[in-house]
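Working notes for the structure below.
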Amino acid sequence: MNILNFRMQLNFFRMFKGKTVLITGGGKKVGRAIAENFFDLGANVVVNDIVKSSHTELKPQLLSSEKFLYSQGNIADLNYQERLVNDSLKKFSKIDFLINNVGIGSGKGLFDLDPKLMEVAIKTNLIAPFFLSQKIAKQMVEKQISGVIIFISSIHARIPSGNPDYSSTKSALEILTKEMAFELGPYGIRVNAIAPGKITSKRQIDHRIPLLHQTGTPEDIAKVTLFLCHDYSGYINGEIITVDGGLSLSFPR
C-alpha cells in the first residue's frame, strides 16, 4: 500500500470515528456505496430506504454492527421523518452528516406528465429533503455540531433531459443548497450538493474511449461525499460539485 494513501485513510478514519451519518435511499447503488464507505472509515451509519428488504444488499459487517441502524419508510412522509430522526438520535445521540440521496422521476415527457406525478416528484425531491435537513440542522445547532448536509442532485438540474419533473425538482434542490448554506454557515454547518452524471454499477475503463463518454460508478460519488464531509473540504460551502467525467461538457451551451 502506498504510504501516502495509508496516511490519508488513517486521517479519514480518525475524522469519522464516533461521527454519525444519515443517508436517505441508502440501501442500493449510490446510497449503498456511501453507507459502506462511511462505515469502513469508522462512522455510525443510519440508512433509510422505502424498500423493506433493500438493506440486505449491504455488506454483512455493516448489517451485524452495533454502529448500524436501518429504517424503512417513505422519506416524503413528514411524520415518518420525525420517527427516523428520533430513532437515530435515540441510538447515536447526534447526527453529524446528512446525505439527502433519494430522488425519483416518472420518466414522462412534457405532454404525458399529470398533476399527481408532478406532485410526487416535488414532495420526494424537494419538500422531503428540505424538511429533513431542517430537522437535522436544528439538532446540529442545539448540540453545537459543525455538521455537513449534502444533497444529491444531477447534471440534469442544468441540462434538459426530457424528464421535466425530475430535472425541475433537482434544479430547485440546487438553489435550496445555496439558501441553506447561506443560513447555516454562521453556525459552522456546511451545505453542498453533488451532481452526478451517468452512473452504472461498474465502469469498464477503456482508454480508447474519452473520459467524458464513460460512465461513473456509485463509488465515484461516495468518494466525493466523503471528501465534502471531511475537514479537507472545510472551506467549501454552498457549492454544486459536478461528478460526470466531463460528460456535461459535450452538451450545447
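The values are calculated or read from the model by the stated rules, or taken from the named source; none is laboratory data. Just so it is clear, the structure is predicted and the values come from calculations on it, not from any experiment. With ideal geometry, Cβ positions are generated from the backbone for all residues, glycine too; neighbour counts draw on all protein chains shown.
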Next on the checklist: Which of the helices (runs of 4 or more DSSP H) found entirely inside region 1-66 contain at least 1 residues meeting this: at pLDDT below 90?
Outcome noted: 3-16
Item to check | Residue count, region 46-55 (criterion: farther than 16 Å from I34 by Cβ, hydroxyl-bearing (S, T, Y) and in contact (Cβ under 8 Å) with a residue 24 or more places away in the chain) | outcome: 0
Next on the checklist: I'm checking my understanding of the structure. Among residues of region 119-134 that are surrounded by fewer than 17 Cβ atoms within 10 Å (Cβ to Cβ) and not hydrophobic (A, V, I, L, M, F, W, C), which one is nearest to G162 (Cα to Cα)?
Outcome noted: E119
Checklist outcome for this item: From the option list L132, L89, single residue qualifying as in contact (Cβ under 8 Å) with a residue 40 or more places away in the chain and touching a Ser or Thr at 6+ places or on another chain (Cβ under 8 Å) is L132
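Across region 172-185, what is the number of residues that are surrounded by fewer than 19 Cβ atoms within 10 Å (Cβ to Cβ) and either in contact with a Phe, Trp or Tyr (Cβ under 9 Å, 6 or more places away or on another chain) or not aromatic (F, W, Y) (or both)?
In the first step, residues of region 172-185 are kept if they are surrounded by fewer than 19 Cβ atoms within 10 Å (Cβ to Cβ); the result is 172, 174-175, 178-179, 182-183, 185.
Within this subset, residues satisfying the condition of being either in contact with a Phe, Trp or Tyr (Cβ under 9 Å, 6 or more places away or on another chain) or not aromatic (F, W, Y) (or both) are 172, 174-175, 178-179, 183, 185.
The number of residues fulfilling the criteria is 7.
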Checklist outcome for this item: Residue hits (region 30-58; over 18 Å from T20 (Cα atoms) and among the charged types (D, E, K, R)) are K52, E57
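Looking at region 136-166 only, could you name the residues that are in a loop (DSSP other than H, G, I, E, B) and either within 15 Å of I194 (Cα to Cα) or out of contact with any Ser or Thr (no Cβ under 8 Å at 6 or more places or on another chain) (or both)? Don't jump to the end; show me each part of the working.
Just the residues of region 136-166 that are in a loop (DSSP other than H, G, I, E, B), to begin with: 143-147, 153-154, 158-163.
Residues satisfying the conditions are K143, Q144, I145, S146, G147, S153, S154, R158, I159, G162.
Do we have K116 as in a helix (DSSP H, G or I), surrounded by fewer than 13 Cβ atoms within 10 Å (Cβ to Cβ) and of a type outside the set (F, W, Y) here?
On the way: in a helix (DSSP H, G or I): yes; surrounded by fewer than 13 Cβ atoms within 10 Å (Cβ to Cβ): yes; of a type outside the set (F, W, Y): yes.
Judged against the criteria, K116 is a match.
Among the residues of region 229-240, which ones are crowded, with 18+ Cβ neighbours inside 10 Å and under 22 Å from I199 (Cβ atoms)? Working first, answer last.
Just the residues of region 229-240 that are crowded, with 18+ Cβ neighbours inside 10 Å, to begin with: 229, 237, 240.
If the condition is that a residue be crowded, with 18+ Cβ neighbours inside 10 Å and under 22 Å from I199 (Cβ atoms), then C229, I240 are the ones that fit.
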Next on the checklist: Condition first: at pLDDT 95 or above, under 15 Å from the mean Cα position of the chain (by Cα) and under 16 Å from A76 (Cβ atoms). Can you find one or more residues in region 110-123 that meet it?
Outcome noted: no
Checklist outcome for this item: Residues of region 85-101 being in a loop (DSSP other than H, G, I, E, B) and farther than 16 Å from Q134 by Cβ, in sequence order, are S93, K94, D96, N101
Next on the checklist: Residues to consider are S71, S106, S133; find the one that is at pLDDT 95 or above and outside any strand (DSSP E or B).
Outcome noted: S133
Checklist entry - Do you know which residues across region 233-253 are out of contact with any strand residue (DSSP E or B) (no Cβ under 8 Å at 6 or more places or on another chain) and assigned to a loop (DSSP other than H, G, I, E, B)? => result Y235, G246, F251, P252, R253
